[in-house]
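Inspection log for the structure reproduced underneath, given as structure tokens.
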Amino acid sequence: MYKAAVMGDRDSIYGFAAVGLEPHPETDVQKAAAELKELVEGDYAVIYITEELAAGLEKEIIHYSERELPAIILIPGVKGNTGKGMAAVKRSVEQAVGSDIIFNN
Amino acid sequence: MARLQVNPTRMELNRMKSKLRTAKRGHKLLKDKRDELMRQFLILVRENKALREKVEEGIRSCNKSFVLARAGMSAEAMNVALMSPKQEVYIETGSRNVMSVDVPVFSVKTRTSDPGDIYSYGYAFTSSDLDGAVKQTAEILPQMLRLAECEKSCQLMAVEIEKTRRRVNALEHVMIPQYEETIKYITMKLDENERSSQVRLMKVKDMMLKEAHGYEDYDKAAVSREKKEEERS
């Protein structure tokens, strides 16, 4: 039985805490990296990270993306959408196809 | 393309031929795998894109509602209200095999039997905006989980497609031409050996005939015999 976690600044994630995701408020990149490592090793199937925080954790996120679990998913934070989430999808398209054929319209 | 370093023998030739057969078969299978993976991936990634657009839009409106709610009440009251969540989401994971890639399948369970049981506070000290915001978040949650499943599958499949593509290319452009070149080289060499031993045998035969009967060449002898008969007649 796995849990789902959500990381990011407090304002962005407390809404998700109410509906049952486990909140891990964190804004400092270094601490977040340590926390993310802990979460990845723990019993979590999905970890949502705000795009803002993820910007500093790119290396870790790519590193963990090859594991079957957990899924690390970027979500827009309270400060707005930076387009990083879509960029992640775009990246996997580019990896698979060799060039971007989905988002170029 | 460089050929492999092998001895040009018949045994080596057979070995190369069977290797080539295997490589060709593997190439065909891997190509099929790549094509099918790609097809599935494209379907999934389109869904992923649509879902992400929907989820991002949903989260945006949730955040908007939360900001409104936060404006309507004090920060302490808000923190107290959301401090101890009542609901908890558990995820059962299974896995689905798509062309030998194990992609996760999530099914969601909630701690309390009623998934709508999301309000962790009494309604007395909170603004109604908060209720709306929490409800919106709860509505977006299933889509978020589906997004997680979908996006993870896409990532895993992308990795596998890349690997498969590399293998296909390596077989197609390196291994198979190499084997073909080597096979060609061995056949040429064997043919050449065959011819040279043929010539050697003919030469030896001539020498032996000369020694035994004294004529230079069997054919030459025949020609001179014919000439003599012509003269006689």
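The values are calculated or read from the model by the stated rules, or taken from the named source; none is laboratory data. It should be emphasised that the depicted structure is a prediction, and the values quoted were computed from it without experimental measurement. Backbone-built Cβ (ideal geometry, glycine too); neighbour counts: all protein chains shown.
With the requirement that a residue be more than 7 Å from chain A (Cβ to nearest Cβ) and out of contact with any helix residue (DSSP H, G or I) (no Cβ under 9 Å at 6 or more places or on another chain), what does the range B:84-106 give you?
Filtering the range B:84-106 down to residues more than 7 Å from chain A (Cβ to nearest Cβ) leaves B:84, B:86, B:94-101, B:103, B:105.
Passing the criteria: B:84, B:94, B:95, B:97.
Quick one: in the range A:13-25, of everything that is in contact with an Asp or Glu (Cβ under 8 Å, 6 or more places away or on another chain) and at pLDDT 80 or above, which residue is farthest from residue B:87 (Cα to Cα)?
Initial filter on the range A:13-25 (in contact with an Asp or Glu (Cβ under 8 Å, 6 or more places away or on another chain)): A:20, A:22, A:24-25.
Then drop every residue that is not at pLDDT 80 or above, which leaves A:22, A:24-25.
Numbers: A:22: 10, A:24: 16, A:25: 18 Å.
Of everything passing the filter in the range A:13-25, A:25 is farthest from residue B:87 (Cα to Cα).
Could you list, in sequence order, all residues of the range B:46-82 that are assigned to a helix (DSSP H, G or I) and polar (S, T, N, Q)? Can you show your working first?
First pass over the range B:46-82, keeping only residues assigned to a helix (DSSP H, G or I): B:46-72, B:75-82.
If the condition is that a residue be assigned to a helix (DSSP H, G or I) and polar (S, T, N, Q), then B:48, B:61, B:63, B:65, B:79 are the ones that fit.
I'd like to check something: does the range B:202-213 contain any residue that is in a helix (DSSP H, G or I), in contact with a Ser or Thr (Cβ under 9 Å, 6 or more places away or on another chain) and β-branched (Val, Ile, Thr)?
As a first pass, look at the range B:202-213 and keep what is in a helix (DSSP H, G or I): B:202-213.
Then keep just the ones that are in contact with a Ser or Thr (Cβ under 9 Å, 6 or more places away or on another chain); that gives none.
No - not one qualifying residue is present in the range B:202-213.
Among the candidates B:18, B:84, single out the residue that is hydroxyl-bearing (Ser, Thr, Tyr) and more than 30 Å from residue A:1 (Cβ to Cβ).
Details: B:84 fails: more than 30 Å from residue A:1 (Cβ to Cβ).
The unique qualifying residue is B:18.
Among the listed residues A:50, A:82, identify the single one that is surrounded by 24 or more Cβ atoms within 10 Å (Cβ to Cβ) and of a type outside the set (Gly, Ala, Ser). Steps first, answer last, please.
Values: A:82 fails: surrounded by 24 or more Cβ atoms within 10 Å (Cβ to Cβ).
Just one listed residue meets the conditions, A:50.
Can you report the number of residues in the range B:122-170 which are buried (at least 19 other Cβ atoms within 10 Å of the Cβ), under 21 Å from the mean Cα position of the chain (by Cα) and not charged (D, E, K, R)?
So the answer is 10.
Could you grab me the full set of residues in the range A:9-38 that are over 17 Å from residue B:109 (Cα atoms), within 11 Å of chain B (Cβ to nearest Cβ) and either touching a residue at least 40 places away in the same chain (Cβ under 8 Å) or part of a helix (DSSP H, G or I) (or both)?
Correct list: A:10, A:11, A:12, A:13, A:14, A:15.
Out of everything in the range B:14-67 that is β-branched (Val, Ile, Thr) and without any contact (Cβ under 8 Å) to a residue 40 or more places away in the chain, what residue ends up being nearest to the other protein chains (Cβ to nearest Cβ)?
B:67
Among the residues of the range A:90-105, are any surrounded by 13 or more Cβ atoms within 10 Å (Cβ to Cβ) and touching a Cys at 6+ places or on another chain (Cβ under 7 Å)? Show your work before the answer.
Narrowing the range A:90-105 to residues surrounded by 13 or more Cβ atoms within 10 Å (Cβ to Cβ): A:90-97, A:101-103.
Of the ones still in play, those that are also touching a Cys at 6+ places or on another chain (Cβ under 7 Å) are A:92.
Within the range A:90-105, one or more residues are surrounded by 13 or more Cβ atoms within 10 Å (Cβ to Cβ) and touching a Cys at 6+ places or on another chain (Cβ under 7 Å).
Only helices (runs of 4 or more DSSP H) wholly contained in the range A:41-105 count here; list those with 3 or more residues that are hydrophobic (A, V, I, L, M, F, W, C) and within 11 Å of chain B (Cβ to nearest Cβ). Spell out how you get there, then give the answer.
On the way: elements: A:51-54, A:58-64, A:84-97.
Per the criteria, A:84-97.
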